[in-house]
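Undergrad: The structure's right below; bear with me while I get my questions together.
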Amino acid sequence: MKDYRKRDINGRELRPESLMMSYGYDPMLSEGAVKPPIFQTSTFAFQNAEAGKAFFELALGLREKGPKEELGLIYSRLNNPDLEVLEDRLTLWDGAEAAAVFPSGMAAIATTLMTFVRPGDALVLSGPLYGGTDYFVKHILPDFGIAPVCFSAGLPIEQVEPVVREGVGDRRVSAALIETPSNPTNELVDIEGLADLVHSLGDGDHRPVVIVDNTFLGPLFQHPLKHGADMALYSATKFIGGHSDVIAGATLGDRELMGRVKTLRTFMGTIPDPWTGWLLMRSLETLKMRMTAMMKNAQHVADYLVDHPKVQNVHYLGLVPEDDPMYPVYRKQCGSPGSLIALELAGGEPAAFRFLNALQLIKLAVSLGGTESLAQHPASMTHSDVEPEDRDELGITPGLVRISVGVEHYDDLIVDLEQALQAV
């Protein structure tokens, strides 16, 4: 019988893009269907009462799992075959032991953070963060006694450390949540340096968890767990879903940490439906092709924009100069510059709006990582709920436009950008 969690052939390790086609799924368990069916069911029948008892014991943590024992199917708020196969496959790119999927990126962030933070704790945060995340950690978690301690992305760890230590004071640090590259400015955080710093703030048996929102570079171009992070987190809506037709999130890490996250997920009910799981499995099969095409297009687009007289500045990782203090960090932890570009236009919001309104091929919409190119105005859209003084400090200016480059031909994208810039 084939082992559908086998990762090698004759001792040669298979690559993630190959394993995405079959890993974790046995067609013979589903009438020979090559692709996993959609298990559209709320509940599952037990073979006998003893099996039902055993399944609940494991699901609720009432006893340890036996060496060859698998968690049985109970109820789709706890587990579902589509989601289990999806979680197995999500671990492959990041080299994680376990994964948990959620009905949105914000559900992943909220459930993961609430697993670890406690009243009186400090939560270390990079900035800027996605606007929804920023609001959650600065306006909702403080109501539960959690103190945000913020530092700016784009700084060497030597400059970050005193800011963090002073902000933490004598509070217990429960976790750090960093977003690198940052949304929307593409600034970097040194994952390894930040992980060493935050872990050093632990005390006794307590070890703070370092969580990296890896959405901007996706599971293909950056692997936070290999640089000292404890968990990687995604809005799976973006590159993982990649077709702007599904909302989802994911968190990955070691089995012990993910077991705690999944326990809270069970009781908060933040688990996606089987159809979402099936759609994400479909998309994972083409992840490398899509992200590679987008990245190549973005390099052409960034090279065009950087020389345009109406563009004041282009924030793109592929343009980070070698004398920039964060260039070594880029070379160390990023496999490519990705496909997100932020450009600054002179003339503030009116100029940005004229540019956005003139676009024809590129769609005026929020989100990113889909097959189509999208453009939006962070200061008045995705980051409008960030405090104005914080936006200014973090470089989210009125003239800033964020572009997510898709899979269209780059010449056509440049033609569209060229005519839109004429309107500025």
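Residues checked against (1) outside the structural domain of Lys226 (by TED's automatic domain parsing); (2) crowded, with 20+ Cβ neighbours inside 10 Å; (3) closer than 24 Å to His243 by Cα; (4) touching a residue at least 12 places away in the same chain (Cβ under 8 Å):
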site	(1), (2), (3), (4)
Gly335	yes, no, yes, yes
Ile341	yes, yes, yes, yes
Gly347	yes, no, no, yes
Pro350	yes, no, no, no
Gln360	yes, no, yes, yes
Asp392	yes, no, no, no
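Undergrad: Just one of (1) out of contact with any strand residue (DSSP E or B) (no Cβ under 8 Å at 6 or more places or on another chain); (2) part of a loop (DSSP other than H, G, I, E, B) trips up Leu368, so point out which.
TA: (1)
Undergrad: A further question on this structure: If I ask for residues that are aromatic (Phe, Trp, Tyr) and over 30 Å from Arg282 (Cα atoms), which ones from the stretch 26-64 would you list?
TA: Phe56
Undergrad: Next question. Taking the stated definitions as given, is Val198 in contact (Cβ under 8 Å) with a residue 12 or more places away in the chain and outside any strand (DSSP E or B)?
TA: For Val198, the condition - in contact (Cβ under 8 Å) with a residue 12 or more places away in the chain and outside any strand (DSSP E or B) - is met.
Undergrad: With the condition being modelled with pLDDT of 95 or more and closer than 28 Å to Leu356 by Cβ, I'd like the helices (runs of 4 or more DSSP H) fully within the stretch 244-343 carrying at least 2 qualifying residues.
TA: 287-306
Undergrad: With (1) surrounded by 18 or more Cβ atoms within 10 Å (Cβ to Cβ); (2) under 27 Å from Met381 (Cβ atoms) as the list, and Ile140 as the residue in question, which single condition is left unmet?
TA: Going through (1) surrounded by 18 or more Cβ atoms within 10 Å (Cβ to Cβ); (2) under 27 Å from Met381 (Cβ atoms) one by one, Ile140 breaks only (1).
Undergrad: Quick check on the stretch 278-301. Is at least one of its residues within 21 Å of the chain's Cα centre (by Cα) and aromatic (Phe, Trp, Tyr)?
TA: yes
Undergrad: Then there is this: Could you please find all residues in the stretch 91-140 being at positive phi and free of Cβ contacts under 8 Å to residues at least 60 places away in the same chain?
TA: Gly120
Undergrad: Here's another thing I want to ask about it. Looking at Asp213, is it of a type in the set (D, E, K, R), touching a strand residue (DSSP E or B) at 6+ places or on another chain (Cβ under 9 Å) and under 20 Å from Gly95 (Cβ atoms)?
TA: yes
Undergrad: Pro219: under 28 Å from Gly61 (Cβ atoms) and in the same structural domain as Ala98 (by TED's automatic domain parsing), yes or no?
TA: no
Undergrad: Report yes if Tyr316 is farther than 28 Å from Ser18 by Cα, hydroxyl-bearing (Ser, Thr, Tyr) and crowded, with 21+ Cβ neighbours inside 10 Å, otherwise no.
TA: yes
The values are calculated or read from the model by the stated rules, or taken from the named source; none is laboratory data. Predicted model, so just to flag it, every value in this text is computed and none were measured. Backbone-built Cβ (ideal geometry, glycine too); neighbour counts: all protein chains shown.
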